[in-house]
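Take a look at the structure below.
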Amino acid sequence: MTIQNTKNLRKQIAPFEQSTTKESIWQIINTLGPFIILWYLAYISLSVSYWLTLIPAVLAAGFLTRIFIIFHDCTHHSFFKSRRANRIVGTVMGVLTVFPFDQWGHEHSVHHATSGNLDKRGTGDIWTLTVDEYLAAPLRIRFAYRFYRNPLVMFGIGPIYVFLLKNRFNRKGARKKEKMNTYLTNVLIVGLVALLCLAVGWQSFLLVQGSIFLISGSVGIWLFYVQHTFEDSYFEENEEWEYVLAAVEGSSFYKLPKLMQFLTGNIGYHHVHHLSPRVPNYKLENAHNNTEPLKNVPTITLATSLQSLCFRLWDEKNKNFVGFKDIKHLTKKSVSVQVKSEL
């Protein structure tokens, strides 16, 4: 893709970058309304059976994912024209999704600015090593990396660690405004949890909200993971890295069934979002459909996305993801060399 082509592509996306207040308000209504109703249905169904509770809980988890997308758009200041409106709504949605507005906004902005850049990994992204880095790493780092990349850890323990623990503390170097927003979010979360526990009992709260949280958290991390971890993704060293290429080649088009597309706030059009974070989620599909070059971006489906579970390392030589099994023969040689050097 030439420099001229990248400029033209950005120009084609520009008309979709303006939010529509009416659509934004309607999305809040058709997201929060069903979520509250489903949460209540999950609660009252506890008197019958917890297994029955899982039905509305799963659907509520879908709407909580949609709430997160609204929060996510607000941090990009793309959901409303007013920065103040984005901040207020984003902070409220952050309480529901247990994400501090400013903290996430900072880390996610870094993610957008460095996605696919091998020299600038480590902030707001999934821990990814290249084959050479993995082979050169000491055994303790290899074990830690394999543990981190285990699906049960990434999609099970991951949401608990990131959402409940990591998000409660400010990052090193955070400014006062960001710190105060984190404190405010934490206080509001505690207040909301206390009110709900008083209203329905702490056991019922944990059964309902715990189920919704674990499901939506796993879905959220899965979406983030799969839309950058597909076989022929894009990773380059800083000198060769290019923003537009990282967006259209390193962010997938996750083609989902309509209901799942609705519940995930069109985030499957991730290539459009990375190309221009200013496009609100409800305009991503139109931007994709009306921009010819974007129709040829990497496309994955529910079925093909499961292959990404096997992708662990980035192979710089062949420009694709590989699994641990693919480099098993190299790993044995490397371990042998390390053992000999220790002796």
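From the list 218, 211, the one residue that fits, being hydroxyl-bearing (Ser, Thr, Tyr), open to solvent by 30 Å² or more (accessible area, probe 1.4 Å) and either in a helix (DSSP H, G or I) or in contact with a helix residue (DSSP H, G or I) (Cβ under 6 Å, 6 or more places away or on another chain) (or both), is 218. Any residue in the stretch 66-78 that is among the aliphatic types (A, V, I, L, M), part of a helix (DSSP H, G or I), farther than 30 Å from residue 106 by Cα and within 24 Å of the chain's Cα centre (by Cα)? Among the residues of the stretch 66-78, not one is among the aliphatic types (A, V, I, L, M), part of a helix (DSSP H, G or I), farther than 30 Å from residue 106 by Cα and within 24 Å of the chain's Cα centre (by Cα), which makes the answer no. Going through (1) at pLDDT below 90; (2) loosely packed, with under 11 Cβ neighbours inside 10 Å one by one, residue 331 falls short only on (2). Remark: residue 162 falls outside the filter, which requires a residue to be at pLDDT 95 or above and β-branched (Val, Ile, Thr).
Can you tell me which residues in the stretch 33-49 are open to solvent by less than 80 Å² (accessible area, probe 1.4 Å) and of a type outside the set (Val, Ile, Thr)? Those that are open to solvent by less than 80 Å² (accessible area, probe 1.4 Å) and of a type outside the set (Val, Ile, Thr): 33, 34, 35, 38, 39, 41, 42, 43, 45, 46, 49.
Checking every residue in the stretch 275-285 against the condition of being part of a loop (DSSP other than H, G, I, E, B), touching a residue at least 60 places away in the same chain (Cβ under 8 Å) and open to solvent by 40 Å² or more (accessible area, probe 1.4 Å) gives at least one match.
For the stretch 286-300, the candidate set comprises residues that are assigned to a helix (DSSP H, G or I) and closer than 16 Å to residue 245 by Cβ; within that set, the residue that is least open to solvent (accessible area, probe 1.4 Å) is 294. Go through the residues of the stretch 16-23 one by one and say whether even a single one is modelled with pLDDT of 95 or more, part of a helix (DSSP H, G or I), under 20 Å from the mean Cα position of the chain (by Cα) and surrounded by 13 or more Cβ atoms within 10 Å (Cβ to Cβ). No, the conditions are met nowhere in the stretch 16-23.
Among all positions in the stretch 241-261, there is at least one residue which is open to solvent by 30 Å² or more (accessible area, probe 1.4 Å) and under 17 Å from the mean Cα position of the chain (by Cα).
Residues of the stretch 134-144 that are under 25 Å from the mean Cα position of the chain (by Cα) and surrounded by fewer than 16 Cβ atoms within 10 Å (Cβ to Cβ): 141, 143, 144.
Scoring residue 78 on the criteria (1) farther than 19 Å from residue 214 by Cα; (2) open to solvent by 10 Å² or more (accessible area, probe 1.4 Å) leaves a single failure, condition (2).
A residue that is open to solvent by 50 Å² or more (accessible area, probe 1.4 Å), without any contact (Cβ under 8 Å) to a residue 24 or more places away in the chain and either farther than 25 Å from residue 159 by Cβ or not in a loop (DSSP other than H, G, I, E, B) (or both) occurs nowhere in the stretch 225-238.
The values are calculated or read from the model by the stated rules, or taken from the named source; none is laboratory data. Values in this document were obtained by computation on a predicted structure and should not be read as measured data. Every residue, glycine among them, receives a Cβ derived from its backbone with ideal geometry; neighbour counts consider all protein chains shown. With ligands, DNA and RNA removed, areas are computed over all heavy atoms of the protein, side chains included. Shrake-Rupley method; radii C 1.70, N 1.55, O 1.52, S 1.80 Å.
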